[in-house]
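Colleague: Dropping a structure here in structure tokens format, bear with me for questions.
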Amino acid sequence: MIRRPRLSTTGAFAPLRATAFRAMWIAALASQVGTWMETVGAQWILLAHPHAAVTTALIQTATTLPVLFLALPGGALADVFDRRRLLIGIQSVQAGTAGTIAALAFFDLLNPIELLVLTFALGCGAALTVAPYQALIPELVPRQELPSASALGSLSVNLARAVGPAIAGLLVARLGPGYVFALNAASFAAFAVVMASLPRKAPAAETRPEAFLAAVRAGERYVRFSPEMRRILLRIALFITPAVALWALLPVLAAHRLGLGPTGYGLLLAAVGAGSIGGAFLLPWVRSVLTPNRSYAVCAAVYAAVLAALALTRSPALAAAALVPAGAAWIVVLSNSNAAVQLFLPGWVRARGLSAYQFVFSGSQALAAAAWGVAADRLGVPGPLLFAVVLLVLALISGRWWPYMDTVPLDRSTKVHWPEPHLLIEPEEAEGPVVVLLRYRVAEDRQAGFVRAMHRVREARLRTGALQWGVFRSGEDPGAMVEIYTVASWEEHRRQHDERLTAADYDDELAAQSYAEGEPEVTHLLSATPNVSGSP
């Protein structure tokens, strides 16, 4: 049974009291406004070309597909390098790319292929931006304000969706798309300037930099062996896959079914943004009365109803009215999911875990948007929208079997609770593999409970560095249970010991040790390289 949320119901805008967070949030909002302006300008250019349903949907794909390739490496970079400097560099490159699109548009040299390629380049920058940006948030606001900070992050996206398309529609209609692309370049440059002005947080003295590839593997391992993370990723994928049909098909719906121009399309997106703003105001109340699973179900039902209305109506006014609750449902689902990830991830792997979330979130958008575009090109817009309704209903029902897990009560602070290993042989950091044995005294009538409790210990060992893990009974001593696991190197085991285990992992170990008598006896086995020369 999922317990009700127990986070403090801080105000929706409480995190904005922190000066550094406020500056970063405003800079991100301006950049996102520019991105939405660029998206509208690009999609409106492509509407004049054949197969508009496919090409306009591919703008969404080009923007989000890079996440499939760069999300996990980007998360590792954000955990290994200074996040502020990383953001400055990325935003500077983004400004140059957007400036190139603007120059080509001004000289009437922008064809669909070039536009898609450069949009893909901007998507690469966006994929590398998300992890360091979101990983900075817990450093700037208190833990109890993380859900509100996550909501503000989603709100900035939707505010941008409300403001950006409306501005872009007016500029495209009166001045042409080149001015839209130029303003996008300026927004990236402004973001870089703001990040450069933020104070740099000194790294903890005990933190040792990880090698890049090892960091990527560690992040992948952490997500793979975290049931809570896997469940969050599943729930967001089940929602995003059908929900993105709205974003992929709205340009075609506006132009070909509702008979609207660029200004009208911008107003439709503004209606979604207005709904998301209302949803942000409602989030504290929603969290106080609904569990994450119930709010997910309500939002999926609301979003399905909106898609059904859009599939059946030809009235612009009705379509705009329907899009308001869609914006509210979208921000509630995304904010709750992002907050759950932020609350669950410990600091050492936060950016990598967030990049895995972004991988699923944006990857689902990229692949689904392309599929919805192809379907609409062949079948028209109403059919795919109604099929998306069916998928949303199935996502709602699936919560009965695959609900969110409660991450709020888990203490994710680092806890060094193992005794410092005292070895007569001092291994090199790169030496490995290393085998760790823990010998427990467990009465035979308590061994079944011990093995069940060790399942959570297994997950902690594997997500913090173990490559293999097992628990065994001793054939010679019926009262002995032996836990054995292998790590790649002594350095990995030291990181596991000093940096990666959390207070929640300690609670799981205590639960297992409650079945045993006293503390376990620990042995470290170091790799013995054979003497290949044959000499004694």
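Colleague: By how many degrees, 0 to 90 and rounded to 10, does the Cα axis of helix 146-174 deviate from the longest principal axis of the chain?
Modeller: 30
Colleague: Moving on. Counting helices only, and only those DSSP H runs with n ≥ 4, report the 222 nm mean residue ellipticity of the chain as the sum of -39,500 (n - 2.57) divided by its residues, in deg cm²/dmol to the nearest 500.
Modeller: Mean residue ellipticity at 222 nm (helix-derived): -23000 deg cm²/dmol.
Colleague: Using each residue's phi in the range 285-297, evaluate 6.51 cos²θ - 1.76 cosθ + 1.60 at θ = phi - 60° and report the 3J(HN,Hα) Karplus result to the nearest Hz, with x for Gly and Pro.
Modeller: Coupling constants for the range 285-297: 5, 4, 5, 7, 10, 10, 6, x, 5, 6, 5, 4, 5 Hz.
Colleague: So what is the relative contact order for the chain, in percent, with contacts set as C-alpha pairs under 8 Å and at least six apart?
Modeller: Worked out over the chain, it gives 21 percent.
Colleague: On to the next question. Starting from the Cα gyration tensor of the chain, take the square roots of the eigenvalues, sort them a ≥ b ≥ c, and report rounded, prolate or oblate (rounded when a/c is under 1.5, otherwise prolate if a/b is larger than b/c, else oblate).
Modeller: Prolate, because a/c is 1.5 or more and a/b exceeds b/c.
Colleague: Between Ala131, Leu183, Trp418, whose Cα lies farthest towards the positive end of the dipole of the chain when Lys and Arg beta carbons carry +1 and Asp and Glu beta carbons carry -1, centred on the Cα centre?
Modeller: Farthest towards the positive pole: Leu183.
Colleague: Order these by the 10 Å Cβ neighbour count, fewest first: Phe191, Phe387, Phe212, Phe359.
Modeller: Phe212, Phe387, Phe359, Phe191
Colleague: Quick check on the exposure proxy: order Glu483, Glu492, Glu428 from fewest to most C-beta atoms within 10 angstrom.
Modeller: Sorted ascending by nearby Cβ count, the order is Glu428, Glu483, Glu492.
Colleague: Under the definition of Cα pairs under 8 Å and six or more residues apart, what whole-number percent is the relative contact order of the range 434-526?
Modeller: Relative contact order, the range 434-526: 50 percent.
Colleague: Each residue of the range 298-312 in turn: what ³J(HN,Hα) in whole Hz from Karplus with 6.51, -1.76, 1.60 and θ = phi - 60°, glycine and Pro shown as x?
Modeller: Once θ is set to phi - 60°, the couplings for the range 298-312 become 4, 5, 4, 5, 4, 5, 5, 5, 5, 4, 5, 5, 5, 5, 9 Hz.
Colleague: Along the charge dipole of the chain, pointing to its positive end and built from +1/-1 on Cβ of Lys, Arg, Asp and Glu, which listed residue (Gly432, Met229, Val457) has its Cα farthest out?
Modeller: Ranked along the dipole, the leading option is Met229.
Colleague: Based on the alpha-carbon gyration tensor of the range 306-383 and its eigenvalue square roots a ≥ b ≥ c, which shape applies: rounded if a/c is under 1.5, prolate if not and a/b is larger than b/c, or oblate?
Modeller: Because a/c hits 1.5 or more and a/b fails to exceed b/c, the range 306-383 counts as oblate.
Colleague: Let me ask you something else. What are the ³J(HN,Hα) couplings of the range 444-450, residue after residue, when phi is run through the Karplus curve with 6.51, -1.76, 1.60 and θ = phi - 60°? Round to Hz, x for glycine and proline.
Modeller: Along the range 444-450, the couplings run 4, 6, 10, 6, 5, x, 4 Hz.
Colleague: Taking 0.36 nm per intervening residue step and subtracting the Cα-Cα distance, what contour gain separates Leu68 from Arg378 on full extension?
Modeller: 108.9 nm
Colleague: With angles folded into 0 to 90 degrees, how steeply does helix 19-46 sit against the dominant principal axis of the chain? Use alpha carbons for both and round to 10.
Modeller: The angle comes out near 50 degrees.
Colleague: Roughly how many debye, to the nearest 20, is the charge dipole of the chain about its Cα centre, given +1 on each Lys and Arg Cβ, -1 on each Asp and Glu Cβ, and no other charges?
Modeller: 1860
Quick note: the coordinates plus some simple rules give every number you see, no bench work behind them. On a predicted model such as this, the values are computed, not experimentally measured, just so you know. Glycine also receives a Cβ, built like all others from the backbone with ideal geometry; neighbour counts cover every protein chain displayed.
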